[in-house]
Structures are given as structure tokens and as C-alpha cells.
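See below for the structure under consideration.
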Amino acid sequence: MRTLGLAALAIILAGCGKDGGSSYVDEFVGVLGTIEMPHAGPFGAKVTPDCSKLFVPLFGNYGVEGPGSTVAVIDVATHAILAEIAVGQRPEDVDFSPDGIYAYVTCSVSATVSVIAVASLSLVLTIPIGLAFDPNTFEGTYPYGISVQGGKAYVFCAAYFDGNDEHIKIIDVKFMDFPGLWQH
């Protein structure tokens, strides 16, 4: 089991100030506790826009456990793990649609973005971003960061021999506002 310190959680929750502007970080100093993670490598955690859940990509490690392929979802109030959702290999970052309906998770080794329905905590779509990791040549697109704004997801890639070095892929996510037009 890996841990995510509550001080890190407090920093992540800073945008969820109780009076609209103050920060929970100002109310304490030091680690308040620990949330046990089901697998190695908690990475790039973010809180849903309504501040109720924390999504934690579980990147894994380079040892016995190997690459991660899940996202842990934690209830912010109770610190209980609500779900562990299967995604692509080496999930690194997460961002949300402004309405909080979808979470978008970059998965560097599989070169995908996994789309999770926040209400049902289920994977609804996998979007290929580029060249998946090749263990023989180390070639790959490696999407590692994501920002969702204005109906687009901006995916930051640290490509290696895929024809583009460092670059940003742009995904149109507005189509997801129309249920029934897509499926997993």
C-alpha cells in the first residue's frame, strides 16, 4: 500500500475554500494523517469541481509491481476509497470537464486518454493519442499532462521518436455533451 499525505490533499483542496476564497492550507501546518493507496505511485491527483471526490492516478513503480493502470477515487469527506477504475498503462494526470461530468486521465505508456463518467465512476471511452510505448526502441508519444478548457482537452506529450518531440495534442471534447453519439 502506498500513502497520500493529508497535507498533499489539503493543498489539492486549496481551491475548495469554505468561504469562497480562503484556503484550508491556512488552517494547519504539517501532516494531519495518511490515506492508504491500493497500489504504488499516486500521481497527479485532482479534486472534482464540486470538491466531493479526489481522483488519484496510480502510476505504479519500476519494481515488482510494474506499471499502474488504475485511478483511485477517494471521498474527500471520509477519506474512504470509493472505487479503483481500470484505465490505460501509467496514468499520470487528470482533469475534469467544467461541469464535473467527465474526468480525463492521461496514460503515458498506452498513449491514451481515458474518459471516466464521474457519477458512475466508470470508464466510458479510451482516446488514442499517438504511438504507444515500444519496449524495444523506447519510441512513444507519452501523454503526461492534461488541461480541459472550452470544450477542448490539451494533452501535453513528451514524445520520443514518434515524429514529434515535445508537443501538445488537442482533443475536441464537446461531442461528449451529446449522450448517445459515442460509446466505449
On full extension of the chain, what length is gained from Thr137 through Leu82, given 0.36 nm per residue of separation minus the C-alpha to C-alpha distance?
16.0 nm
Counted charge near His79, where neighbours are those whose Cβ lies closer than 14 Å (Asp, Glu -1; Lys, Arg +1):
-1
√(5λ) per eigenvalue of the Cα gyration tensor, the range 60-162, largest first, Å
24, 18, 10
Please give the length that would be gained between Ser122 and Asp172 if that part of the chain were fully extended, namely 0.36 nm times their separation in residues minus their C-alpha to C-alpha distance (nm, one decimal).
15.9 nm
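The numbers here are math on the coordinates, done by the rules we state, and not lab data. Predicted model, so just to flag it, every value in this text is computed and none were measured. Cβ coordinates were reconstructed from backbone atoms using ideal geometry, including for glycine residues, and neighbour counts include every protein chain displayed.
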